[in-house]
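A quick write-up on the structure given underneath.
The values are calculated or read from the model by the stated rules, or taken from the named source; none is laboratory data. In this text the structure is predicted, and so the values were computed from the model without any measurement. Cβ atoms come from the backbone with ideal geometry, glycine included; neighbour counts cover every protein chain shown. Only protein heavy atoms, including side chains, enter the accessible area calculation; ligands, DNA and RNA are left aside. Shrake-Rupley method; radii C 1.70, N 1.55, O 1.52, S 1.80 Å.
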Amino acid sequence: MTAATETRHAEIAVAVGQPSTHLALVLFALAMGGFAIGTTEFAAMSLLPFFSRGLGIDEPMAGHVISAYALGVVVGAPIIAVLAARITRRTLLIGLMSVFAVANLLSALAPSYGWMLAFRFLSGLPHGAYFGVAALVAASLSPPNRRAQAVARVMLGLTIATILGVPIANWMGQALGWRWGFGIVALLAVATALLVYAFVPRDRLQPGASPLRELGALKRRQVWLTLGIGAIGFGGMFAVYTYVASTLLEVTQVSPALLPMVLAIFGLGLTAGTLVGGWAADKATMPAAGAMLLWSAASLALFPVAAGNIWTISLVVFLIGCGGGLGIVLQTRLMDVAEDAQTLAAALNHSAFNTANALGPWLGGMAIAAGYGWTSTGWVGVALALGGLAVWLIALLDDRLNAAARRKSRMMSDGFTQ
């Protein structure tokens with residue numbers, strides 16, 4: 001943990017002044033925001049067959065709505081992190097959730113495809129900054145050897161959303177109309193803002209906090225390499241998940257009533273992967289990232305051959321979900337390499353995540369539109385996971401070369417001193 005992080009830990013610990021039960025309430029409040037964000041992010045994918053018909057567009061075109069949200073995250077995360085450098089984290093979290101609530105309400109009321117694109121882009125803007133700041137608050141309140149597990153507890157809100165929030169939103173979308181799937185997210189966002197106001201302690205700005213200092217993260221090569229791992233490697237999961245509902249209907253030929261069950265199975269896998277990823281990141285961050293990428297490539301390769309049967313596709317969807325634990329690992333890695341520009345780096349992790357969320361559906365949709373079939377998204381996913389692994393290898397080699405150079409410099413310095 002860097003000196004800046006240790007300072008931040010001390011500042012917030014003083015601000016809290018409460019026993020560990022208060023920490024549990026803080027993490028619950030932060031996780032509720034993850035639940036709201038996870039519900040809208042993944043429910044939009046599961047509702048794709050329904051809002052595409054409602055807006056009068058085909059499904060590959062409707063995939064652009066998913067990409068618009070992801071691009072909002074990519075743009076919003078760094079801009080908000082830099083411009084809000086002099087805003088306390090508690091105040092920023094409340095503001096971000098308020099904007100998120102309004103944007104999702106507008107999505108529920110969108111009158112046309114064009115407006116839907118605009119409102120989903122707007123909905124994505126607070127996403128990355130919220131998760132980035134929430135992760136830093138959780139890590140700063142926790143012992144150094146358990147910070148990744150604290151971040152994982154915040155992210156459990158997102159994974160539980162895929163178990164409960166997404167199936168419920170999908171069910172509401174089928175029973176009451178797809179607009180309700182976005183309307184309920186607006187209510188969840190309001191609830192989050194109130195919980196953060198009630199439970200997250202008031203904090204103080206770090207000395208010297210400024211937009212310029214946050215931009216310093218962009219000078220660090222390991223920050224960019226870590227972001228590259230996520231931007232490419234995560235794309236495989238989204239290439240499959242975006243079109244999993246359509247694959248189930250068209251290839252597996254299940255009843256629409258079974259869609260929420262399979263979506264919940266994905267959520268169980270994502271939850272398991274998040275918990276394991278938090279534990280593994282606290283033990284050995286870079287090896288954990290490589291293992292997660294290999295797991296994703298293997299499970300995505302199984303998708304095309306498993307799609308014909310409800311039991312096999314359900315198992316493979318669970319395995320693909322487990323690969324989502326990569327997000328916690330990369331978040332922890334960014335805390336290690338960002339030094340004193342942690343807010344921007346933490347937010348950029350979600351820009352990378354949603355670059356993958358834009359890239360995966362786009363490439364998967366291209367494969368489907370080219371006539372390769374719904375299951376071709378699995379092979380697109382394998383290619384992206386292996387691409388992320390290639391970036392991981394470059395980052396690992398660069399890290400080792402830098403470590404060797406530092407050791408050599410210290411040896412030479414010791415020699416001159418003697």
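Tabulated data
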{"item": "Some residue of segment 138-145 being touching a residue at least 60 places away in the same chain (Cβ under 8 Å), more than 17 Å from the chain's Cα centre (by Cα), surrounded by fewer than 21 Cβ atoms within 10 Å (Cβ to Cβ) and part of a helix (DSSP H, G or I)", "result": "yes"}
{"item": "Number of positions in segment 291-347 that are of a type in the set (A, V, I, L, M, F, W, C), in a loop (DSSP other than H, G, I, E, B) and in contact with a Lys or Arg (Cβ under 8 Å, 6 or more places away or on another chain)", "result": "2"}
{"item": "Residue within segment 351-364 that is at pLDDT 90 or above and surrounded by fewer than 24 Cβ atoms within 10 Å (Cβ to Cβ) present", "result": "yes"}
{"item": "Counted residues, segment 60-77 - those being more than 30 Å from A370 (Cα to Cα) and at pLDDT 85 or above", "result": "1"}
{"item": "Within segment 266-285, considering residues that are hydroxyl-bearing (S, T, Y) and under 15 Å from I320 (Cα atoms), the one surrounded by the most Cβ atoms within 10 Å (Cβ to Cβ)", "result": "T274"}
{"item": "The listed residue being touching a helix residue (DSSP H, G or I) at 6+ places or on another chain (Cβ under 9 Å), open to solvent by 20 Å² or more (accessible area, probe 1.4 Å) and either among the aliphatic types (A, V, I, L, M) or within 29 Å of I265 (Cα to Cα) (or both), out of I184, I229", "result": "I184"}
